[in-house]
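Asker: I'd like to ask some things about the structure below.
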Amino acid sequence: TIPDNPTAAGGTYNVSDITHSIGADWARDFSSRWVNALRYSFQQSKIAFEGGDFPNCTITSTQNCPSSVALGTGFTTLGLSGSFPQGRIVKVGQVQDNATWSLGSHNITFGGEFDYQNSPNVFLPNAAGAFSFSSFSNFLQGIGSVNLTQGTTTVPFKEKDAAVYFQDDWKVTPEFTANIGLR
């Protein structure tokens, strides 16, 4: 089927993006020498190269995308490039806990964090087919080639990360502070 509004240059696409963030901190002074801070944050970002002249061609409905048809030198390519639509969704959650303890000439800090990333990438080149003809004459005769890819359009990516640290900022003399730690 021919879309309602094709463009001579082969179709355009929109680049849409949106980001949501939320975070919270909780700090507690257990004493004048002991402070603890707990932090949570979450961010979700989405960027998509989709729609445009083919509004139903999105990263969630790639079956609605037109094929790419190259008619040879001197002619424009019709449809979208075989590399569209595509997009990234990045979801990251983080929990941190940091403590500081002052003891004489020592300022001891320690803590850790846990991160979870869930970032599916949407990309499957030539899923709608990419037809290529060396000339318009070959197009009329049906002599050309086609690239067609089959598979899932979403590449799941999940990752869990954890980190801990311990550091002693020891004021050995008024002019010298030794930073000793492990991360």
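The values are calculated or read from the model by the stated rules, or taken from the named source; none is laboratory data. Everything quoted here is computed from the prediction, not taken from an experiment. A quick note on method: Cβ atoms are made from the backbone with ideal geometry, for glycine too, and the neighbour counts reach across all protein chains shown. Ligands, DNA and RNA are stripped out before the accessible areas are found, and what is left, the full protein with its side chains, is counted by its heavy atoms. Shrake-Rupley method; radii C 1.70, N 1.55, O 1.52, S 1.80 Å.
Asker: Here is a list: Leu124, Leu148, Leu140. Which entry is out of contact with any strand residue (DSSP E or B) (no Cβ under 7 Å at 6 or more places or on another chain), of a type in the set (A, V, I, L, M, F, W, C) and closer than 17 Å to Glu50 by Cα?
Answerer: Step by step, each of Leu124, Leu148, Leu140 is checked, and only Leu124 is out of contact with any strand residue (DSSP E or B) (no Cβ under 7 Å at 6 or more places or on another chain), of a type in the set (A, V, I, L, M, F, W, C) and closer than 17 Å to Glu50 by Cα.
Asker: How about segment 123-158: which of its residues are assigned to a strand (DSSP E or B) and either of a type in the set (S, T, N, Q) or open to solvent by less than 70 Å² (accessible area, probe 1.4 Å) (or both)?
Answerer: Ala130, Ser132, Ser145, Asn147, Thr154
A quick yes/no check of all residues on (1) of a type in the set (S, T, N, Q); (2) within 24 Å of Phe114 (Cβ to Cβ); (3) touching an Asp or Glu at 6+ places or on another chain (Cβ under 8 Å):
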residue	(1), (2), (3)
Leu140	no, no, no
Gly144	no, no, no
Gln167	yes, yes, no
Phe176	no, no, no
Arg183	no, yes, no
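Asker: Could I ask something else about it? Would a scan of segment 75-87 turn up a residue that is closer than 30 Å to Ala163 by Cβ and touching a strand residue (DSSP E or B) at 6+ places or on another chain (Cβ under 7 Å)?
Answerer: Among the residues of segment 75-87, at least one is closer than 30 Å to Ala163 by Cβ and touching a strand residue (DSSP E or B) at 6+ places or on another chain (Cβ under 7 Å), which makes the answer yes.
Asker: Only strands (runs of 3 or more DSSP E) wholly contained in segment 1-99 count here; list those with 2 or more residues that are of a type outside the set (Val, Ile, Thr), surrounded by 12 or more Cβ atoms within 10 Å (Cβ to Cβ) and modelled with pLDDT of 95 or more.
Answerer: Because the criterion is at least 2 residues that are of a type outside the set (Val, Ile, Thr), surrounded by 12 or more Cβ atoms within 10 Å (Cβ to Cβ) and modelled with pLDDT of 95 or more, the strands (runs of 3 or more DSSP E) in segment 1-99 that meet it are 34-50.
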